[in-house]
Structures are given as C-alpha cells and as structure tokens.
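Structure, as structure tokens:
The values are calculated or read from the model by the stated rules, or taken from the named source; none is laboratory data. Keep in mind that this is a model prediction, so the values were computed, not measured. So basically every Cβ, Gly included, is an ideal-geometry build from the backbone, and we count neighbours across all protein chains shown.
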Amino acid sequence: MSSPPSPMPSVPIEARLAALEEGLDSARARLAAAETAQGRVADELAILRLVASYSPRVDSGDAEGVAELWTDDGVYDVDTGLLEGHRGLTEMVRGDAHQGLIAHGCGHVPGLPVVLLDGDHAVATGYTQLVVRSSRPGRYTVMRVTANRWELERRGPVDATDRGWRVVLRTARAVTDDGEGRRLLGRSREG
Amino acid sequence: MSSPPSPMPSVPIEARLAALEEGLDSARARLAAAETAQGRVADELAILRLVASYSPRVDSGDAEGVAELWTDDGVYDVDTGLLEGHRGLTEMVRGDAHQGLIAHGCGHVPGLPVVLLDGDHAVATGYTQLVVRSSRPGRYTVMRVTANRWELERRGPVDATDRGWRVVLRTARAVTDDGEGRRLLGRSREG
Amino acid sequence: MSSPPSPMPSVPIEARLAALEEGLDSARARLAAAETAQGRVADELAILRLVASYSPRVDSGDAEGVAELWTDDGVYDVDTGLLEGHRGLTEMVRGDAHQGLIAHGCGHVPGLPVVLLDGDHAVATGYTQLVVRSSRPGRYTVMRVTANRWELERRGPVDATDRGWRVVLRTARAVTDDGEGRRLLGRSREG
C-alpha cells in the first residue's frame, strides 16, 4: 500500500516540503468532500429508519415512541383528524379507536419511500397500507392505502444515531376519488 | 485530536520527510478506498430512490416523471403490454386504463427491493402491489402482486443526485400459476 | 483545490515539518472516523439487502438461497412452526405447503424495516404480507400480516458484499388478537 521511503537525496528539502504541503492540502479537500457525502448517506438512512419506525411503534401502542419522532410542535395532518404536537399524537395512540384496532390485530405496513434531502431539511414521500385482521380466519382486509408526505428537519445533534431528524409535518391522505392522495404523491419531486 | 509538534530534535530531517511521504501515501490509499466504498453506498441509495420514485409518479399521473426514470430507449416489459421508450411510457400513463385507475383511487405500493450493484450496472428485484379502492367504503382490493426485475445502467453524470442511474429494462410479471413471476424472482441473485 | 507551494522562505524547516506531522495526524484521525461511519452505512444497507432478499428467494423456491441467509445453526421461529438450522429452512421451502403456495402464485411482500446496528450485532424489525392469488381473476388475498424481528450477527468477512451478516434468529408472528405480533413490534427499539 505505502511506498518505501524516498531514496532520492537529490530532491532538495524545500521541494519535498512543498510537495508534502500541497499533497496534504489536497488530501484534506478530498476528505472534506468524503465527509460531506458520508453525511448525506447517513442522513438518508436515518430518515428511512425514522419513517419505518413509525409503524412498529404505532402498532404496538408505543405512544411516546410515536410522539418523539415529531418535533414538540410537529403536526400529523391525516384525513381522519389533525394531530398537533406530542399531546395530539399520544392521545391518538391511546385513544379507543386506535387501541381497538391494535388489540384486534393490524399493521400499518410501510412501503419504500422516496427521500429528497436538502441540508437540514428533507421530504419523504411514500405509502402505508392499513391491513386489519378479518373475521374470516387467515384473511386480512386492506382498509386504507395512504399517501404520505413527511417533511423533516434536523433539530437534534448530527452525531446522534437519528442524526437529529424530526418530523415537522406529516400529511397523510387515503388514495380515493377525491384526488387528495394523488395530489400529495404528485409532490414527490418537490423538496 | 492532533499531537503536539514533535519535540525530538534528534530525528534527522531526512527521516521525518520520508515518514511524512510514506504516511501521506498511505492516507491517500485509504482515502481512495473510502471514496470507492462511499460511491457504492450512494449508488445503492440512488437506486432505491429511483425504484421508489416510480410509484408516486405513476399514481399521480406524472407521465414525464415516469419516463425520465428510463433511458430514452428503455423498455418496460410488463405482462399487460410492452412499453418502449419514453413515448411508450408516457402513453401508458396518459392512457384511459391508467387514468381511470388513478382517478378512482389506487396505489402501486413498492416493497423493499434487493439491489445488486456492479460498477455502472445494477439489478433491483422486488415487489409492487396494485391496490385499488373497492366499491365498499373503507376497503381496498389487491388486484396484482407483481414481481419486478429492474436492470439499470449509469448513463448520466455520477455527481448528479441520481448518480446517473437510468432503467434500461424493467420486467414485471404478476405472480400467478404461470410461473413467470416466480422465474423473475428466481433471478434475484443474478447481476 | 490545492494551494501553491509555500513561497515563504522565512518559515523554518522545523516548523514546517511539525505542522505537516500535526496535519497528517489530524487527517488520519478524520479518515478513521470516516471509515467507521462508512462501515456503519454499508452494514445497514447490507442488512436491508439481506432482509429484502429473503422474499424473492422463498417465493421462487430457492431453498439453499433462503438457508444461507441464516447462520448454520440459525433459527426461524414462526408461529406456524419452528425451523432450526439450514436443514429446517430448506425442508420448509421444499415442503408441500410452501410448494403449493408458490405454484399457485404468492408473494411474501416485505415492507421497509427499521434497522438497529450495534457493532457486529443488529436487529431489524418489520412487516411482511403474504398475499396469495385468489380464485377470482385479478384478485389477491392478504392471508397474513406478519411482524418480524430479525436478529443478526456478523459471522463472515466484513469485506464481502454481505459484510458477513447472517440471521441468528428470526421471530415472526402474525398480527392477531393474541398480542404476540404486537409484542414483537413493541421491541423495535431494543437492540
């Protein structure tokens, strides 16, 4: 990997120092570019992880775990009701409707979203299916196909496992003939 | 992080220069390896993003957005019809069958694919479910479970957000008793 | 990118050597940190790939391909039966029940899991839907929504494409009113 010590006594010290200084500067610039690129992929993976983690948390009734994915004043704007802040989110998870669903057996199954990253802001657009156990054994019913637009910001330390990402606004609309889900999906290329 | 300036006057200048030259060479080799590894993860994420982005684009009727995921002469070989080039793709999105489906309410929900990367070529194998709003309120019908093999090539600049990836051939077959979907899935380990 | 050779003859050689030694040390420390961070993202992508690759392998009847995702003595603890080691896994894939399902037409469709990484150990929590072709044309039935907890260890070489990851234990439970699936999902934050 490394070359042997230069055996050339004829290269003057001044030239060797200058070459080293130039080489070190150039390596530092490449290192900075690699660190930036590395940060971007770590951010994208952290955002995929955040989006994916909503589902097991909500389906196991982990109200705090759900809430802490959002900023304190974050909003979950879903067609079945607007949830505001951590209180709004925890109340939904603890509410009778949701508790009934998870006791019966359901999954808010997340598909693979598209993540657009722009510094400390990001948008993820994707689908979740709400699939609920049917009264017929060995059958599940798809009750909702939901279009989701997650708007995220870095609000915590970048060196945390979640790289500081929190949801500021998640907008969710079932894909129906009212066109609202479709319009959300149509914004997937918008940061 | 950094050590203090060496206080050892007894190490001759020649030896210090040689050690620096060797150390810089070695750091450059590690940097090159890190850049290569970094490129691979960025490529894999870009391919996941490309595959994921098909669904919101097609479900929102974004014909150009769908087409530009493919190369100009790219092919979408689906059991319901062979689509050739950007024209074939945009015509499908704008066609009555697709427009009817998205106006009614549907999702081409993407699962998590497996990506095999080999330089400027890649293959992603995965599933999409076509889930359509039922006439019964709060019900959706899974109309297709599709096996997908995406063959991709880098055709654009590597420093673009998409890292230059385009679809050359997407083959899609419903998983039925004709075994075609199963055969596509059986090629998931083939690059 | 690089600065021109230093034109300052007044900086003594000793000071330039010391600055280079300090600069190289500092660059090496950043490089080591970048290599570690790079390894983490490569691990996370390798684990996503492993989890995703189960489905096309099992749905195409690739018994060896399924088995080799696990360690030799790995376990697949699913509510329909405990599968132990590569033999247990290959027997399941080759068994009449599974062969009947894949000949009929089905997909074990994977959602996006949450990956928690801790050195050479990892846990991925996610969902799979078993969707089977219905007797009615153009219809599929969701027969299971399964909560999955994949416990993985690095057992092979880190420089392999799979970065050495193998499944030690996959626990899978349908989400029903027995609460077992829900309990598995409730452990998604546990490494």
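Any chance you could count how many residues in the stretch C:85-125 are part of a strand (DSSP E or B) and surrounded by 15 or more Cβ atoms within 10 Å (Cβ to Cβ)?
13
Of the numbered conditions (1) assigned to a strand (DSSP E or B); (2) more than 17 Å from A:Leu50 (Cβ to Cβ); (3) β-branched (Val, Ile, Thr); (4) touching a Lys or Arg at 6+ places or on another chain (Cβ under 7 Å), A:Thr176 fails exactly one; give the number of that condition.
The failed condition is (1).
Among the numbered criteria (1) modelled with pLDDT of 95 or more; (2) at the interface with another protein chain (Cβ under 9 Å from one of its Cβ atoms); (3) more than 22 Å from B:Ser53 (Cβ to Cβ), which single criterion is violated by A:Arg183?
Among (1) modelled with pLDDT of 95 or more; (2) at the interface with another protein chain (Cβ under 9 Å from one of its Cβ atoms); (3) more than 22 Å from B:Ser53 (Cβ to Cβ), the lone unmet condition for A:Arg183 is (3).
When you check B:Arg16 against the structure, is it more than 19 Å from the chain's Cα centre (by Cα), under 30 Å from C:Ala33 (Cα atoms) and of a type outside the set (Val, Ile, Thr), yes or no?
yes
A quick yes/no check of all residues on (1) over 22 Å from the mean Cα position of the chain (by Cα); (2) at negative phi:
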site: C:Glu68; (1), (2): no, yes
site: C:Gly85; (1), (2): no, no
site: C:Thr90; (1), (2): no, yes
site: C:Gly95; (1), (2): yes, yes
site: C:Pro110; (1), (2): no, yes
site: C:Tyr127; (1), (2): no, yes
site: C:Arg144; (1), (2): no, yes
site: C:Glu151; (1), (2): no, yes
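What is the one condition in (1) surrounded by fewer than 21 Cβ atoms within 10 Å (Cβ to Cβ); (2) touching a residue at least 12 places away in the same chain (Cβ under 8 Å); (3) not basic (Lys, Arg) that C:Ala33 does not satisfy?
(2)
Of the numbered conditions (1) surrounded by 23 or more Cβ atoms within 10 Å (Cβ to Cβ); (2) in contact (Cβ under 8 Å) with a residue 12 or more places away in the chain, B:Pro56 satisfies every one except a single condition; which is it?
All conditions pass for B:Pro56, except number (2).
Taking the options A:Val142, A:Val78, name whichever one is surrounded by fewer than 22 Cβ atoms within 10 Å (Cβ to Cβ) and either within 25 Å of A:Arg183 (Cα to Cα) or aliphatic (A, V, I, L, M) (or both). Steps first, please.
Values: A:Val142 fails: surrounded by fewer than 22 Cβ atoms within 10 Å (Cβ to Cβ).
Being surrounded by fewer than 22 Cβ atoms within 10 Å (Cβ to Cβ) and either within 25 Å of A:Arg183 (Cα to Cα) or aliphatic (A, V, I, L, M) (or both) holds for just one of A:Val142, A:Val78, which is A:Val78.
Can you work out which of the residues in the stretch B:59-74 that are more than 9 Å from chain A (Cβ to nearest Cβ), in a helix (DSSP H, G or I) and not acidic (Asp, Glu) is surrounded by the most Cβ atoms within 10 Å (Cβ to Cβ)? Even if it seems obvious, please write down each step before you answer.
Step one: list which residues in the stretch B:59-74 are more than 9 Å from chain A (Cβ to nearest Cβ), which gives B:63-64, B:66-74.
Okay, now just the ones that are also in a helix (DSSP H, G or I), so B:63-64, B:66-67.
Okay, now just the ones that are also not acidic (Asp, Glu), so B:63, B:66-67.
Numbers: B:Ala63: 19, B:Val66: 25, B:Ala67: 22.
Looking at the filtered set, the residue picked out is B:Val66.
Confirm whether A:Thr128 is assigned to a loop (DSSP other than H, G, I, E, B) and either within 13 Å of chain B (Cβ to nearest Cβ) or in contact (Cβ under 8 Å) with a residue 60 or more places away in the chain (or both).
Numbers: assigned to a loop (DSSP other than H, G, I, E, B): no; either within 13 Å of chain B (Cβ to nearest Cβ) or in contact (Cβ under 8 Å) with a residue 60 or more places away in the chain (or both): yes.
So A:Thr128 does not fit the description; no.
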